[in-house]
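The values are calculated or read from the model by the stated rules, or taken from the named source; none is laboratory data. Predicted model, so just to flag it, every value in this text is computed and none were measured. Counting neighbours? That spans all protein chains shown, and the Cβs are built from the backbone with ideal geometry, glycine included. For the accessible areas, the whole protein counts, side chains as well, though only heavy atoms, and no ligand, DNA or RNA atoms are used. Shrake-Rupley method; radii C 1.70, N 1.55, O 1.52, S 1.80 Å.
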There are 2 protein chains.
Amino acid sequence: MHKTLKDKITTADEAAALVQNGDVIGASGFTQAAYPKVVPPAIARRARRFHERGEPFQVVLFTGASTGDELDGELARAQAISRRYPYQSHPDMRHAINSGDVAFADLHLSHVSHYVRCGFLPRPTVAIVDAVDVTPDGKIYLSTSGGSTATYLQMADRIIIELNRHFGPALGAFHDTFTPAPPPRCSNIPIYSVLDRVGEPFVQVDPNKIAAIVECDLPDSTSPFKPLNDVSRAIAANIVDFIKHEQKMGRMPKGLPYQSGVGNVANAVLTALSQDPDMSPFSLYTEVIQDALFSIIDNDKLVAASCTAMLFSPEGQSRLHREMPALKEKVIIRQQEISNHPEVVRRLGVVSMNTALEFDIFGNVNSTHVMGAKMMNGVGGSGDFTQNCYLPIFMAPSTVRDHTISTLVPMVTHTDHSEHATKIFVTDQGLADVRGMSPVARARHIIQKCAHPLYRDLLTDYLEYGLRHAPAKHTPHVLGKAFDFHLRLQKDGSMLPK
Amino acid sequence: MHKTLKDKITTADEAAALVQNGDVIGASGFTQAAYPKVVPPAIARRARRFHERGEPFQVVLFTGASTGDELDGELARAQAISRRYPYQSHPDMRHAINSGDVAFADLHLSHVSHYVRCGFLPRPTVAIVDAVDVTPDGKIYLSTSGGSTATYLQMADRIIIELNRHFGPALGAFHDTFTPAPPPRCSNIPIYSVLDRVGEPFVQVDPNKIAAIVECDLPDSTSPFKPLNDVSRAIAANIVDFIKHEQKMGRMPKGLPYQSGVGNVANAVLTALSQDPDMSPFSLYTEVIQDALFSIIDNDKLVAASCTAMLFSPEGQSRLHREMPALKEKVIIRQQEISNHPEVVRRLGVVSMNTALEFDIFGNVNSTHVMGAKMMNGVGGSGDFTQNCYLPIFMAPSTVRDHTISTLVPMVTHTDHSEHATKIFVTDQGLADVRGMSPVARARHIIQKCAHPLYRDLLTDYLEYGLRHAPAKHTPHVLGKAFDFHLRLQKDGSMLPK
């Protein structure tokens, strides 16, 4: 290592001492992939020392998306966060947000870097990033995720690098880092196929801004994938049947890439697509690549994959280690503004598949708020893709919590994706294709195809009551009854009447 | 006129006889600009004759957006429409939709042509278009709007042309018609500045598909603009102050083009921008150009304007007639999928200004549904722009109907634009800039800046009640009380308590 860099090597606690009360941290990390793991716990310790002395210590935290316990968990428990952008999923951070202790602004992930650069959001003062390599002239090579790290590095005054030896510097070459020029002097994003490289494999920074380098050797702290359950399998089978049908009808060209949300259901769908003998090889243009990538490869179905994060189970990470040269030929990691960019998503014709928290009979989707009030994780990239993709598919188990909650409700308590954009709904019960339908036709079709039998009559009753009593029959809502399902759940613990 | 075309000249009634029960009509027209005015009333007469004989006669109607009485009005009154796409604003059509007689699917306007070409929506069988010229080899020159007309012409089996002599063939040269290639074999939309021409000034069709030509000489049936009222003036002044402030702070580069919704408030805002001595000349990249264009020109402030429709008052139409050569240098008419295209809107950094029907304290916007049930007009292009623009601004009078309705409510009854995308809210009371704020911070700021004083305490009471009683404090909604404003309005005729 070059002397100028060697001189910057320090401990986590010394690096944390560079972070002051009121700082705005821009951290790497998108899901459990490539968030800093060593310095944040030291910042949490520092915050606790301040608080014990009765002194304030809180920072604003930007990341790519959710992160793991060492960042979101530690800092939330230390009460060291005042504001959080743009997504999270850690139980302690979620609790702090829903208690009103952390001000959380939940943003479309393609907008974050752009808004930071435009000065619409607080400017990151300190960037803390997980990196696989750094050069004396300021080239930083990122690890398993792109996130919004390039923008945070470029905007920050001080840079703290966690130089993580775990995957080795070869991982850096997965990245393609491209920052669009600001409007009005803008160019296009010249990505015309999934693997097109349009930027550099590193982020260039002023080397004088690198304030500290902390060495470590840590994998991403991920969990093994849960075995598939019947509900996930049923949802996946419904989607595979639909895609094959659409391809046969000529409405879905075979070269369209897929985007798939994060989690077990999304993983199950891609695995099922790869296992189907009638499916041609396909590409992913997505936010997060999970272990399904390996099923697709093993079934000889992978053409190419673009993402902003590789979220692999511990077993998947070992495989990444072993097969890095081969994977590098077919997988690219981008900044999240490019993985989710409307221009590219629309151009490539991405088929988008995301999970709904709840959806309503008229086709509106809630991805974020339990009972309209409690933040779950955030809207993430679901809006970027839903609004701009070739065809958006939303999926959910028809019921959860032992049938006490129907994910299909009369009216969603928060709308993240409106009836104007949504098209296809899938549960374990079936698939509703509501393209071109009016709200009432949609309601009948969604109830018939997607509702759990326990809830079918209740949902139909609401629709029929509305058609008799609502102020209009276009979307026949009756506001005094629209949340009856939710109010019953709140009062009696079930959406089903006693 | 060439003989092959001359032979196709016929009467409106003969042309209407080419339309059969069950046909899918793709018509030109975007607002009152360039919709067919002669053949649709003949189709309405034909429908009535069928109905009098007890025979069915209904068609599906696609247009660019809303149209005037001769199309939406006549066909709605004749009960000749079964399904309507993708936008409307005629009272009789609206009544038919809200009575449940017409199935209306309300779509983002940038999606329509694409979805029609992909086979997601019924295929137009008959195209009926207002045109200023047609050539024997099938070049059709459109009139005052682009809409989705190119796609309808290309997909339809039969084409009926209303050859409208009113503006003369020179108007055709305003158009730039470009159809993106279907994914996955797609290219970019090579528009890098407002006036870039990327297509042809005509729509090329197979001349054999031209089934009838009906000659006419009719202006667009528009109304004069209403004189500005104090509320519009106050909203406009708030927006002008804000834009000047943002420019000064370096957060809004001066070359960014503006998009502005349809109507008197939008017209007032653009007029006020052009009258401000401190504003540099600017461009429009918008859906509909209204008479404000002439104020901008007269104040020496017009750089360039791109639209999909020129909706001018009768006086404005006369001026278009007189000044056509000069206007042609600075104004371009595109198909609506390009005027509203996410790729171009994001690239150019469009500043978007649209009217909200109602909005809520947490920043969600309802553009479409009265009481969550009754369709007003449709979402139009507001979603295309809000999701992809540089900065979205929503505006509304703080109250309507003699203060009995507050446009700012605890919870919107339908969400067209969610809190994840919205940023700036403006009423006659003031302007709330909620960039980067959490929902609760947004609520306090929006109430303080935008609420009418009559409603300020009621809105604050809801927020404070939620902070005490909601299931979570992130977005402290209490579902049993969220629609109290609306239920009071329904019961007592006012959102204010008795």
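How about A:K301: which aspartates and glutamates have a C-alpha closer than 13 Å to its C-alpha, ignoring those fewer than 8 places off in the same chain? In chain and number order, the partners are A:D276, A:D278. Cα centroid separation, region A:83-103 to region A:468-498: 30 Å.
Under 5 Å from the amide H of B:I81 lie the amide H atoms of B:V59, each residue being 5 or more positions distant or on a separate chain, with H modelled from the backbone and absent for Pro and chain starts. Contact residues in region A:404-436 by the 10 Å² criterion (accessible area, 1.4 Å probe, full protein complex versus chain alone): A:M411, A:T413, A:H414, A:T415, A:D416, A:S418, A:E419, A:H420, A:A421, A:K423, A:R435, A:G436. Count Lys and Arg as plus one, Asp and Glu as minus one, and take only other residues whose Cβ is under 12 Å from that of B:T10; the net charge is then -3. B:Y390 exposes around 10 Å² of accessible area when a 1.4 Å probe is run over every protein chain in place. Tell me the angle of helix B:439-450 to the major Cα principal axis of chain B, expressed in degrees between 0 and 90 and rounded to the nearest ten. Between the helix axis and the principal axis of chain B, the angle is about 80 degrees.
The 3J(HN,Hα) values that the Karplus relation (6.51, -1.76, 1.60; θ = phi - 60°) gives for region B:370-375 are, in residue order, 7, 6, x, 10, 8, 5 Hz. Gly and Pro appear as x. Plainly put, the tip 7 Å out from Cα toward Cβ on A:S280 is 4.9 nm from that tip on each other copy, the closest given first. Shown here for region B:221-283: trypsin sites (Lys or Arg not before Pro) in loop regions (DSSP other than H, G, I, E, B) with at most 15 other Cβ atoms within 10 Å, namely B:R251, B:K254.
Exposed loop sites were defined as GluC sites (Glu not before Pro) in DSSP loop states (anything but H, G, I, E or B) carrying at most 15 other C-beta atoms within 10 Å; in chain B the longest segment without such a site runs B:1-322. What is the angle, in °, between the Cα long axis of helix B:39-52 and the longest principal axis of the Cα atoms in chain B? Nearest 10 is fine, range 0 to 90. Rounded to the nearest ten degrees, it is 90. Computed 3J(HN,Hα) for region B:213-224, one whole-Hz value per residue from the Karplus formula 6.51 cos²θ - 1.76 cosθ + 1.60 where θ = phi - 60°, is 10, 10, 7, 7, 8, 9, x, 5, 7, 10, 10, x, glycine and proline marked x.
Residue farthest toward the positive end of the dipole of the protein assembly as shown, with Cβ of Lys/Arg at +1 and Asp/Glu at -1: which of A:N238, B:A33, B:S193? Toward the positive end, the furthest listed residue is A:N238.
Rolling a 1.4 Å probe over the heavy atoms of the protein chains gives the protein assembly as shown an accessible area of 32 Å² per residue.
Taking 30 Å as the limit for the C-alpha separation, the pairs A:K37/B:K423; A:K449/B:K209; B:K254/B:K423; B:K330/B:K374; A:K473/B:K481; A:K37/A:K328 exceed it in the case of A:K37/B:K423; A:K449/B:K209; B:K330/B:K374.
Surface composition of the protein assembly as shown: carbon plus sulfur atoms contribute 51% of the solvent-accessible area (1.4 Å probe, protein chains only, all chains present). In this Cβ point-charge picture (+1 for Lys and Arg, -1 for Asp and Glu), the protein assembly as shown has a dipole of about 460 debye about its Cα centre. Helix B:230-248 axis versus longest C-alpha principal axis of chain B: approximately 80°, rounded to the nearest ten.
The interface between chain A and chain B buries about 6600 Å² of solvent-accessible area in total (1.4 Å probe, ligands and nucleic acids excluded). Across the options B:V345, B:F485, B:M375, the greatest Cα extent toward the positive end of the charge dipole of region B:230-492 (unit charges at beta carbon of Lys, Arg, Asp, Glu) belongs to B:V345.
The calculated 222 nm mean residue ellipticity attributable to helices in chain B amounts to -9000 deg cm²/dmol, summing -39500 (n - 2.57) over DSSP H runs of n ≥ 4 and dividing by all residues.
Less than 5 angstrom separates the built amide H of B:T177 from those of B:G199, B:E200, B:F202, all sequence-distant by 5 or more or on a different chain. Couplings for region B:311-320, taken from phi via the Karplus curve 6.51 cos²θ - 1.76 cosθ + 1.60 with θ = phi - 60°, read 9, 10, 4, x, 5, x, 5, 4, 5, 4 Hz in order; Gly and Pro are left as x. Put a label point 7 Å from Cα along the Cβ direction on B:L487, then list its distances to the equivalent points in the other copies in nm, shortest first. Going from nearest to farthest copy, the values are 0.5 nm.
Each copy carries a label point for B:R319 at 7 Å from Cα toward Cβ; from one copy, the others' points are 6.6 nm away, ordered from shortest.
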